[in-house]
1. I'd like to check something: does the stretch 83-96 contain any residue that is more than 27 Å from residue 14 (Cα to Cα) and either open to solvent by less than 30 Å² (accessible area, probe 1.4 Å) or free of Cβ contacts under 8 Å to residues at least 60 places away in the same chain (or both)?
2. Considering only residues that are at pLDDT 95 or above and either under 16 Å from residue 80 (Cα atoms) or open to solvent by less than 70 Å² (accessible area, probe 1.4 Å) (or both), which ones fall in the stretch 130-145?
3. When the residues of the stretch 59-74 are narrowed to those that are of a type outside the set (A, V, I, L, M) and touching a residue at least 12 places away in the same chain (Cβ under 8 Å), which ends up farthest from residue 36 (Cα to Cα)?
4. Please give the number of the condition residue 12 fails out of (1) part of a helix (DSSP H, G or I); (2) open to solvent by 60 Å² or more (accessible area, probe 1.4 Å); (3) not polar (S, T, N, Q).
5. Considering only the stretch 39-56, state which residues are open to solvent by 60 Å² or more (accessible area, probe 1.4 Å), in contact (Cβ under 8 Å) with a residue 12 or more places away in the chain and of a type in the set (Gly, Ala, Ser).
6. Which of the residues spanning the stretch 22-60 are among the aliphatic types (A, V, I, L, M), assigned to a strand (DSSP E or B) and in contact with a helix residue (DSSP H, G or I) (Cβ under 7 Å, 6 or more places away or on another chain)?
7. Kindly indicate whether any position in the stretch 57-75 is acidic (Asp, Glu) and open to solvent by less than 30 Å² (accessible area, probe 1.4 Å).
8. Does any residue in the stretch 107-120 that is on the phi < 0 side of the Ramachandran plot come within less than 8 Å, Cβ to Cβ, of a residue that is surrounded by fewer than 11 Cβ atoms within 10 Å (Cβ to Cβ) and modelled with pLDDT of 95 or more six or more places away or on a different chain, and which pairs are these?
Amino acid sequence: MTDVRELLRREVDAAEYAEIRELWKRHSLAEDRRDIAGLLATLTDDCVYELAGTSHVWTGHEGAARFYGDLLAAFPDIDFDLIDIVIGPQGVCEAARVTATHEADWLDYPAGGERVEFRVVIFFPWDAGRRLFKGEKVYADLRQG
C-alpha cells in the first residue's frame, strides 16, 4: 500500500503532468471505442480495479479485461459524461454522470432492461516508474436517478 505522505510529497512537473493527461485521454478514448486492448495498454500488468465499499476487486490485465467485458456486456450503451477532473503527480481523479441501459446482470444488480443513471468518482493512480496507471478505484452512487 502506498504511503499517502509519499503521494503528498510528489513534485508537480509540467512534462509529467502532460504525460499523465495524455495517458488518461488515450484510456478514455479506448473506453469510448470499446477497445479493451487499448485500455490495457494504459495499465500496469499488476493493475487493480476496485469498486470501493464492496468486495469486488479485479487484478492484473486479465482482471481489468474481465471488469470491462462484464461492464460493457451489462451496459452496452454506457456513456460517461465527465463532470469534473483533477490531474496531478498522483494520477487522475474524475467525476462523471453515467447513463446506460441495463441489459445483463452486473455484480449484485440483476438486469431489467431499464435505463439507469448514476454518478461515479474514479481515481486512476499513477505509477511514476512504469509511466502507466495502476488501475482504477471506483466510487459509485448506484442508486438510480
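The values are calculated or read from the model by the stated rules, or taken from the named source; none is laboratory data. Every value quoted in this text rests on a predicted model; they were computed, and no experiment measured them. Heads up, the Cβs are rebuilt from the backbone with ideal geometry, glycines too, and the neighbour counts pull from every protein chain shown. Quick note on the areas: whole protein, heavy atoms, side chains included, nothing else; ligands and nucleic acids left out. Shrake-Rupley method; radii C 1.70, N 1.55, O 1.52, S 1.80 Å.
1. The answer is no; no qualifying residue exists.
2. Of everything in the stretch 130-145, those that are at pLDDT 95 or above and either under 16 Å from residue 80 (Cα atoms) or open to solvent by less than 70 Å² (accessible area, probe 1.4 Å) (or both) turn out to be 132, 133, 134, 135, 136, 137, 138, 139.
3. 59
4. (1)
5. 53
6. 43
7. Looking for residues that are acidic (Asp, Glu) and open to solvent by less than 30 Å² (accessible area, probe 1.4 Å), one finds none in the stretch 57-75, hence no.
8. Short answer, once both residue conditions are applied: none.
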